[in-house]
Amino acid sequence: MSPSLTYKGVPVWRHTQVIQWTTQFVSGILVVVLVSWFAANMINAVQDREIPHGFSFLDREYQTPIGQHFLPYESSDTFLYAFIVAATNTLIVSIAGVVLATLLGTFIGIARLSGNWIISRIALIYVEFFRNVPLLVQLFFWFYIVLALPPVREGYVLADRLYLNNAGLSIPWLSVSGLGSSLGWIGLVVVAIVAGIVVHRWLVIREIRRGSAPDPLLMGIATVFVIGAVGWLVIALSSGTAPFTVSLPSPHGAFGRISDGFTMSGGLMALMLGLVIYTASFIAEIVRAGIQSVSRGQIEAARALGLSNARTLRQVTLPQAMRVIVPPLISQFLNLTKNSSLAGAIGFSDLTNVAKTMTQTAPAVSIFLMIMAAYLAMSLTYSLIGNLYNKRISIERR
Amino acid sequence: MDPKMLKNKVYFVVAVLLALAVTLAACGGGGLSEEDVEERAQTLAAERMTDDTAMTEADVEEKAQMLAQTMVAQQMQDDQMETVGNRLQAVMDRGRVICASRNDVPGYGSLDDAGNNVGFDIDLCRALAAAVLGDPNAIEIRLITAAERGPTIQSGEVDMLVRTVTWTTSRDAQWGNYAQTMFYDGQGFMVRKDLGVSSAMELQEASVCVTLGTTTELNLQDFSNQNNLNLTVVTFEDTDALVAAYDSQQCDAFTNDLSQLAALRTALSNPDDHVILPDTISEEPLGPVVPHGDDQWFDIVKTVMGILIYAEAYGVTADNVPTEATGDTKVDRLFGLGGSFGQDSLGLDETVAQDVIGAVGNYGEIYDRNLGPDGIDLPRENGRNALWANARCTDCPKGGQIYAAPLR
């Protein structure tokens, strides 16, 4: 018998499409099985051990103090509202931290590539030191630095406006005078910003067409300020009070605690210092990698065209570097947000820590699901914004 | 990433979370339902008979029913095992009692010079280990923060939670079962002497340091509201950080249970500069907690605590544990030398009290060693934590609140 020589085609199990579909199908099933196994395991454990669960506690009064909080809060507020207050604490830390860490990180990252030997060495030492020491250790370090400031009754005072002591930094702040007029003015400012952008665009187009026009950026900003100021005057004159008044911090009570104005508590100061400085060391490396990814030819071409160093950086290097920088940068934003949950160690009431207190009088399982959902919502929002931005700046493919 | 994929990702994750939440909230019936059993038995029966083709449909049905009955019986047995004797057996198999406790407050649980974790709470755990395993050192201490106490005991991962836990009704309902109050405490305040404060009522607009996840955190709000004090709080998860913050005057006052304030005052840089205010703003009965759902284990812990208390009442210390009948029926019953107080129904040795008292001493000895003269020096005489009565002399009460269910 001789072997058949007829060609039978590729066997089914080596067909690309079959392989692709099978792997998709199998991994899909694996994911579903795994997730439902986790869910079933949790539900069984909750039932077997009679662990309390459910969400009926949400509209009960919380009746527990919260340390520093940015939204108004009273102990008679509900669990749900207290949770929102705590989530807002985390959100504000996260947004402020992301902005500051990005600024500092970009600065360090550029300094790292500086031709000046001392500056680039300092930046290198900064990066290597701060990204190689655990964040919790750094937080405690800043916490003890803040504690080393003088206590509140012996603290630094600048012109009765600024107070710095180990309980925090107090600065003058805007206080809402009337909800209607304040919100009205904020609305007007939003309109003003839109108008400013429109003016900017229009002037840019005019500059391109005619070759000359007033500086678009300057005029745009001027538009915002003019509309804002006129609106302020109109509201102030028509309602008798300005939309916002300035609230000055001052010592109150027998213990000289600073109230009014805005106080950044000692715990929050330490947290922000720790988070920003730690995250900036990672961002610096990302920025450096991004800048180095731009081919040298681009920079040499910019030089040849006679662009200044600053302009080369702003208009040639950074726009191209952004494509490399943005995706890992988003991860750092998420890290910063999640790392803020270490705040409880140093006396700031962030989401995780308020929620932990809630587990005393409410079911822990439900609370932890809520914490997970809250962090997830924040992270996904960052990812979404980051990905949209990334799409906008990525190379157009035609 | 493609925005469409991103959107799908978002939907998927949200859906999973929602599903988890909904199932948790609804959470109807678990385990095997009757139909489940029936169905599984049928498949099993059918599988076993695949090679025996001679069997009729009716035979299959019959076999299935028999199998179903055995399965139901097995299930019932399993259920029973889960509530009776489960943890005692588990502890014996493991050879160690796992307690959740602490090492950061002198008196209750802290490290001695040799690096051993010692304290009142630790000794209660040792007493339990001596009772069920005959060896006070057969313990494993899980160090947890105040805020972790609830989840730790709810999950049942430890055999006993003994970490200055205040007995409250909602904790009793949600966390576990409180065995016995071993220390009566109350919440107070500590301030610097130079503030010139003599009562907690003078703490108007003060800033107060408090530990996260404690009843003191909850009581503070009530106290502030009732007296219009408008207190601000700084909450710390970690006792060491809190002590540092108070010591450098980040807050004006430090609130905690009075006994813990006394203990932690010794950790301040200059203890004499601080004074504990006379006000007590709450009731804080402290004692060990066991996981829900195991009555036998719950009873064992209660009994061991009772043994410690009655040994003191009978005047028996670690040094004079009787091993032969003394003629005093109460002492003989306690030490398994005549009569019984229910040892065998609890699965304990007749002479369990000999092991316990011989290993850790009686309640008074544990108190003196950790909280009394040899520890953080909290006065006991004529206080709440004295015994209620000396057993030999029931008509001359000592006036304290410490007593347990009679051992008989």
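Where a number appears in this text, it was derived from the coordinates with a stated rule and is not lab data. Just so we're clear, the structure is a prediction, and the values are computed from it rather than from any experiment. In this analysis, Cβ positions are derived from the backbone assuming ideal geometry, glycine residues included, and neighbour counts consider all displayed protein chains.
Shape class for segment A:150-308, computed from the alpha carbon gyration tensor (a ≥ b ≥ c): oblate, with a/c not under 1.5 and a/b at or below b/c.
Dividing the C-alpha radius of gyration of segment B:76-217 by 2.2 N^0.38 Å, with N its residue count, gives 1.28.
Quick one: putting +1 on the C-beta of Lys and Arg, -1 on the C-beta of Asp and Glu, what dipole do you get for segment A:88-215 around its Cα centre, in Debye to the nearest 20? Dipole size: approximately 420 debye. Electrostatic bookkeeping for residue A:385 treats Lys and Arg as +1 and Asp and Glu as -1; over the other residues with beta carbon under 13 Å from its beta carbon, the sum is +2. Counting neighbouring beta carbons within 10 Å and listing from fewest to most, the residues A:198, A:46 come out as A:198, A:46.
A quarter of the convex hull surface defined by the alpha-carbon atoms of segment A:223-366 gives 16.7 nm² as the mean projection. Dipole check for the protein assembly as shown: with +1 at the C-beta of Lys and Arg, -1 at the C-beta of Asp and Glu, and the Cα centre as origin, the magnitude is about 6080 Debye. Using the Cβ of residue B:193 as centre and a radius below 15 Å, the other residues enclosed give a net charge of -3, where K and R count +1 and D and E count -1. With both residues required to sit in the protein assembly as shown, DSSP beta bridges show an antiparallel share near 70%. Its DSSP H runs of at least 4 residues, each contributing -39,500 (n - 2.57), put the calculated 222 nm mean residue ellipticity of the protein assembly as shown at -17500 deg cm²/dmol, to the nearest 500.
Here the Karplus relation 6.51 cos²θ - 1.76 cosθ + 1.60, evaluated at θ = phi - 60°, turns the backbone of segment B:136-150 into coupling constants of x, 8, 7, 10, 10, 9, 9, 7, 9, 7, 4, 5, 8, 4, x Hz, with x for every Gly and Pro. Ordering B:355, B:222, B:279 by the number of other Cβ atoms within 10 Å of each residue's own Cβ, fewest first, gives B:222, B:279, B:355. Between the amide H of residue B:372 and those of B:377, B:378, distances stay under 5 Å, these residues lying 5 or more places away or on another chain, with hydrogens modeled in the peptide plane. Would you compute the Debye intensity of chain A from its alpha-carbon atoms alone, equal scatterers and no solvent, and pass along log10 I(q)/I(0) at q = 0.14 Å⁻¹ to two decimals? For chain A, the Cα-only Debye profile gives -1.46.
Summarising the overall dimensions of the protein assembly as shown from its C-alpha atoms, the Rg and Dmax are 34.2, 117 angstrom. The count of lysine pairs in the protein assembly as shown with alpha-carbon distances below 18 Å, taking only pairs 8 or more places apart or on different chains, stands at 4.
For segment B:187-282, the fraction of alpha-carbon pairs lying more than 21 Å apart is 20 percent, rounded to a whole number. Ordering A:77, B:194, B:135 from the fewest to the most neighbouring beta carbons within 10 Å gives B:194, B:135, A:77. Whole-Hz Karplus values for segment A:381-393 come out as 5, 4, 4, 4, 4, x, 5, 5, 4, 4, 5, 5, 8 Hz, taken residue by residue from phi with 6.51 cos²θ - 1.76 cosθ + 1.60 and θ = phi - 60°; glycine and proline positions read x. Each Lys and Arg contributes +1 and each Asp and Glu -1, all at the Cβ; summed about the Cα centre of segment A:255-333, the dipole is approximately 260 debye.
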